[in-house]
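Encoded as structure tokens, the structure appears first; notes follow it.
The values are calculated or read from the model by the stated rules, or taken from the named source; none is laboratory data. On a predicted model such as this, the values are computed, not experimentally measured, just so you know. Counting neighbours? That spans all protein chains shown, and the Cβs are built from the backbone with ideal geometry, glycine included.
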Ligand SMILES: [Zn+2]
């Protein structure tokens, strides 16, 4: 009798464990099934899933990727394919931040009841429209003309990412065999708009300017003297030019290192670090769920001359191009910024969460920075460089610390109501920011504006 009772206890416990296990499995199947199907090591699915997947189009309906007879087909233009590689992705999952990687299960048609079967695909939402303008991406790619770098342009009113290009790139229609020591493809699987970190050079003067306006009394009435170089505790800080006497506005638009070195020393380590943090230089934002690279601004070991160099965007400063575009959008919007997004399908993203704004700068300070960024283009570089747009910008020419050409930078925004665009671009070893990155951005912005205006 005792033995029978012991046996029925064991059976009962096993049955209970089985039922609990089934509950856990069913719960996890519903909650995690989509991501299981999406795992890159799900070899069968990774290889075949996307090949039968839905279409991906740009904001004007241009086909970027679609499936035909079990093959993934990309845009008919090679420059569009290469320009949109990091955004769209290829058939592999090597570019883990791409749309075809992060939305793989949606595109492939994974369905909770029918898995990845063809019946499931019929029921699933498989077609995706992106916010990007693929012709503008191609314009940016062509303007880079073989140089490496990153280009970001987005609509600062809606958050729609219009152009995101990272080079080096390759053709997703015929991916090359890439060996790890092939320098021509260095970092090719990284989307540098999100993951790239570069010394910001003089684009960082936006941060120093913001700190100076809010912390140095009467800074807008100050004058500075630049004789081409200055001595800080026995260390030389140099300028690109010998600017003579300058107001703050002139010092910003002419990008005078001597004036900004003086401001940086007046502000000191703690204040500069506080502003680098609050303006998002050292933050990580989420773009399509992908984190942007946190920049670097650490003055803990800096001597006074290094604080001066840090305030003009050198020393150990580093910033991600996307974060720089987000900062410029904040200035354009009067202090509060918006994070870019790429997916138009409202079934896949929570648009109200995506479009919520984040306060970066006091509105009165943002207005002053905007005025000075406008003056940089109108009074210094000339509006001829952006024929159909009214642009506010700051350029940078960032020394790399190596024996090669500096990285060229530009960041800023347009004032045009019908084309509200914020941007950042870096051209690696491109030399002077305005002539390298400025030219790339000009061609990209003009293409976007043409398309936006023709659409309306
Ligand atoms: Zn100067």
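Could we say that residue 319 is at pLDDT below 95, over 22 Å from residue 219 (Cα atoms) and surrounded by 15 or more Cβ atoms within 10 Å (Cβ to Cβ) here? Can you show your working first?
Values: at pLDDT below 95: no; over 22 Å from residue 219 (Cα atoms): yes; surrounded by 15 or more Cβ atoms within 10 Å (Cβ to Cβ): yes.
Considered against the rule, which asks whether it is at pLDDT below 95, over 22 Å from residue 219 (Cα atoms) and surrounded by 15 or more Cβ atoms within 10 Å (Cβ to Cβ), residue 319 comes out as no.
Does residue 417 fit the bill of being outside any helix (DSSP H, G or I) and out of contact with any strand residue (DSSP E or B) (no Cβ under 9 Å at 6 or more places or on another chain)? Before the answer, list the steps.
Values: outside any helix (DSSP H, G or I): yes; out of contact with any strand residue (DSSP E or B) (no Cβ under 9 Å at 6 or more places or on another chain): yes.
So residue 417 passes the test.
Do we find that residue 289 is surrounded by fewer than 22 Cβ atoms within 10 Å (Cβ to Cβ), more than 14 Å from the ligand (Cβ to nearest atom), at pLDDT below 95 and in the same structural domain as residue 402 (by TED's automatic domain parsing) in this structure?
Working: surrounded by fewer than 22 Cβ atoms within 10 Å (Cβ to Cβ): yes; more than 14 Å from the ligand (Cβ to nearest atom): yes; at pLDDT below 95: yes; in the same structural domain as residue 402 (by TED's automatic domain parsing): yes.
Considered against the rule, which asks whether it is surrounded by fewer than 22 Cβ atoms within 10 Å (Cβ to Cβ), more than 14 Å from the ligand (Cβ to nearest atom), at pLDDT below 95 and in the same structural domain as residue 402 (by TED's automatic domain parsing), residue 289 comes out as yes.
Quick test for you: out of 311, 244, 280, 295, pick the one residue that is in contact with a helix residue (DSSP H, G or I) (Cβ under 7 Å, 6 or more places away or on another chain) and either over 30 Å from residue 96 (Cα atoms) or at pLDDT below 95 (or both). Lay out the reasoning, then the answer.
Values: 244 fails: in contact with a helix residue (DSSP H, G or I) (Cβ under 7 Å, 6 or more places away or on another chain); 280 fails: either over 30 Å from residue 96 (Cα atoms) or at pLDDT below 95 (or both); 295 fails: either over 30 Å from residue 96 (Cα atoms) or at pLDDT below 95 (or both).
Only one candidate qualifies: 311.
So in the range 231-259, with the set limited to residues that are within 13 Å of the ligand (Cβ to nearest atom) and in a loop (DSSP other than H, G, I, E, B), which one is nearest to residue 376 (Cα to Cα)?
Ranking the qualifying residues of the range 231-259, first place goes to 254.
Among the numbered criteria (1) assigned to a loop (DSSP other than H, G, I, E, B); (2) within 16 Å of the ligand (Cβ to nearest atom), which one does residue 225 miss?
(1)
Mind checking which residues of the range 181-222 are exposed (fewer than 14 other Cβ atoms within 10 Å of the Cβ) and assigned to a helix (DSSP H, G or I)?
Result: 183, 184, 220, 221.
Please go through (1) at pLDDT 75 or above; (2) in the same structural domain as residue 91 (by TED's automatic domain parsing) for residue 8 and return the number of the only condition it doesn't satisfy.
Among (1) at pLDDT 75 or above; (2) in the same structural domain as residue 91 (by TED's automatic domain parsing), the lone unmet condition for residue 8 is (2).
With respect to residue 372, determine if the residue is at pLDDT 95 or above, within 27 Å of residue 274 (Cβ to Cβ) and within 17 Å of the chain's Cα centre (by Cα). Can you show your working first?
Values: at pLDDT 95 or above: yes; within 27 Å of residue 274 (Cβ to Cβ): yes; within 17 Å of the chain's Cα centre (by Cα): no.
Judged against the criteria, residue 372 is not a match.
I'd like to verify a number: residues in the range 257-293 that are out of contact with any strand residue (DSSP E or B) (no Cβ under 9 Å at 6 or more places or on another chain) and either free of Cβ contacts under 8 Å to residues at least 40 places away in the same chain or within 23 Å of residue 88 (Cβ to Cβ) (or both), how many?
Looking only at that region, the number is 9.
Residue under question is residue 442, and the condition is that it be out of contact with any strand residue (DSSP E or B) (no Cβ under 8 Å at 6 or more places or on another chain), crowded, with 20+ Cβ neighbours inside 10 Å, in the same structural domain as residue 253 (by TED's automatic domain parsing) and part of a helix (DSSP H, G or I); does it hold? Can you show your working first?
Details: out of contact with any strand residue (DSSP E or B) (no Cβ under 8 Å at 6 or more places or on another chain): yes; crowded, with 20+ Cβ neighbours inside 10 Å: yes; in the same structural domain as residue 253 (by TED's automatic domain parsing): yes; part of a helix (DSSP H, G or I): yes.
Yes: the conditions hold for residue 442.
State the number of residues belonging to the range 95-109 that are under 16 Å from residue 51 (Cβ atoms) and not in a helix (DSSP H, G or I). Break it down stepwise before answering.
To start, the set of residues in the range 95-109 that are under 16 Å from residue 51 (Cβ atoms) comprises 98-101, 103-109.
Subset that is not in a helix (DSSP H, G or I): 98, 103, 109.
Selection size over the range 95-109: 3.
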